[in-house]
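Contents: one structure, followed by commentary.
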2 protein chains.
Amino acid sequence: MQKIIPYAHTILREVVDKGEIVIDATCGNGHDTLFLSQLVGHTGKVFGFDIQEQAINQTKNHLQHHQCHNVQLILDGHEQVKHYVSEEIAGAIFNLGYLPKGDHSIITKPKATIQAIQALITLLKKKGRIVLVVYHGHTGGAEEKQALLDYCTQLDQQYFQVLQYQFINQVNNPPFILAIEKIKETN
Amino acid sequence: MQKIIPYAHTILREVVDKGEIVIDATCGNGHDTLFLSQLVGHTGKVFGFDIQEQAINQTKNHLQHHQCHNVQLILDGHEQVKHYVSEEIAGAIFNLGYLPKGDHSIITKPKATIQAIQALITLLKKKGRIVLVVYHGHTGGAEEKQALLDYCTQLDQQYFQVLQYQFINQVNNPPFILAIEKIKETN
């Protein structure tokens, strides 16, 4: 059975085509940004957000190393997405928690995360998907996990389906996936 | 994203080969039995269990209609599996709850279900999978769901991985999947 990160990518690969626009809501070390960049190809575009300069720089280096030129990196919170993006998007990914090898006290916050999801949902194409990789073992992680589950479970099933994909017999609070698919236009 | 029944079949299709032995622990209307029969082909074998004669008869008719001759139907509880099967198995499937269009008061019970899983786990090949489709909206369903989650979460992650695959924003307690994969031999 696919592990969490490969499955997150599978979920996006199934619905994102070359030439489309996608969002990396939490660039971090840039691994997902690179994946998205290659997924949409040179005719597509990635908007990559992070609130930490260290993450933006790491991602920039990672992309340059792989000669990717279709990414706009934005040093700002993902809840500001509508200030930067107005086009229809095919997908988005979040890695929630802290920056690996960074300052573990700087973490994603439920309010901002949900604001970002709410904004992205309105930009999402029909059959587009928003994938959340929910790390929750750190201080503050349990609260964010619960807030996201509460938010996702109340999404109207007429317009969205939300999948939870989780390995349930592992120690140390491993991450799990929440995947939101728009199944019908909301307006 | 694949719905519950198609995903249950995908999980088995990925690890079951032609010529292998598999178990339908709850024949019901015979749909999964037919799927398994076609999956292992005429060189393989399916053992199909159900405690209701109505289910065994329905399944027998369904298989005959599709000219499947590799299934042994057993009118007995799946917790008795070791009385009938001693060979290595590649996979098993359970549809928990009551027989659709049958007597809704006859339901699978947590104790027997877990006994069956414990027996099947010892017969399972490495990388083999046991898939539980957990219906839990009926009387007694919540208890069985909780007992299965408790059982599955304590399976040693050195030997098994257990995936929960669930749509979380749907009304009326839709079924979800628990999939147990043996990743290492236990003896």
Chain A - Rg over Rh from alpha carbon coordinates, Kirkwood radius: 0.93
Size-normalised alpha-carbon gyration radius of the stretch A:58-169, reference 2.2 N^0.38 Å: 1.15
For the stretch A:60-186, size of Cβ-based charge dipole, Lys and Arg +1, Asp and Glu -1, in debye: 240 debye
Calculated label separations, A:Ile183, copies of the chain, 7 Å along the beta-carbon direction, nm: 3.1
Positive-end residue, the stretch B:1-53 charge dipole about Cα centroid, Cβ charges, pick of B:Leu36, B:Thr10, B:Gly48: B:Thr10
Charge tally in the Cβ shell below 9 Å around A:Val71, where Lys, Arg are +1 and Asp, Glu are -1, A:Val71 excluded: +1
Considering only chain A, percent of DSSP beta bridges that pair antiparallel, nearest 5: 40 percent
Charge context of A:Gly28, other residues only, Cβ under 10 angstrom, K/R +1, D/E -1: -2
Rounded to 5, percent antiparallel among DSSP beta bridges of the protein assembly as shown: 45 percent
Nearest-first distances (nm) between copies at A:Thr10, label 7 Å from Cα via Cβ: 0.6
Relative contact order (percent, whole number), the stretch B:1-116, Cα cutoff 8 Å, 6+ residue spacing: 28 percent
Over the stretch A:43-82, equivalent-ellipsoid semi-axes from the Cα gyration tensor in Å: 18, 14, 4
Residue-by-residue Karplus 3J(HN,Hα) for the stretch A:108-113, coefficients 6.51, -1.76, 1.60, Hz, glycine and proline x: 5, 10, x, 4, 5, 4
Antiparallel bridges, percent of DSSP beta bridges restricted to the stretch B:89-187 (to nearest 5): 65 percent
Positive-pole candidate from B:Gly140, B:Thr113, B:Cys68, dipole of chain B, charges at beta carbon: B:Cys68
D (Stokes-Einstein, µm²/s), Kirkwood Cα radius, the protein assembly as shown, 1.002 mPa s at 20 °C: 96 µm²/s
Check: the stretch B:1-97 dipole with +1 on Lys, Arg Cβ and -1 on Asp, Glu Cβ, in debye: 260 debye
Residue closest to axis [chain A; rotation mapping onto B; Cβ; Å]: A:Tyr165, 3
Cα centroid separation, the stretch A:129-187 to the stretch A:1-34 (Å): 15 Å
7 Å along Cα→Cβ, label-point gaps from B:Asp150 to other copies, nm, shortest first: 2.8
Electrostatic dipole magnitude of the protein assembly as shown [Cβ: Lys, Arg +1; Asp, Glu -1; Cα centre; debye, to 20]: 460 debye
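Bear in mind that the values in this text are calculations on the coordinates, not laboratory data. Given the structure is predicted, the values throughout are model-derived calculations rather than measurements. For neighbour counting, all protein chains shown are included, and Cβ atoms are generated from backbone atoms with ideal geometry for every residue, glycine included.
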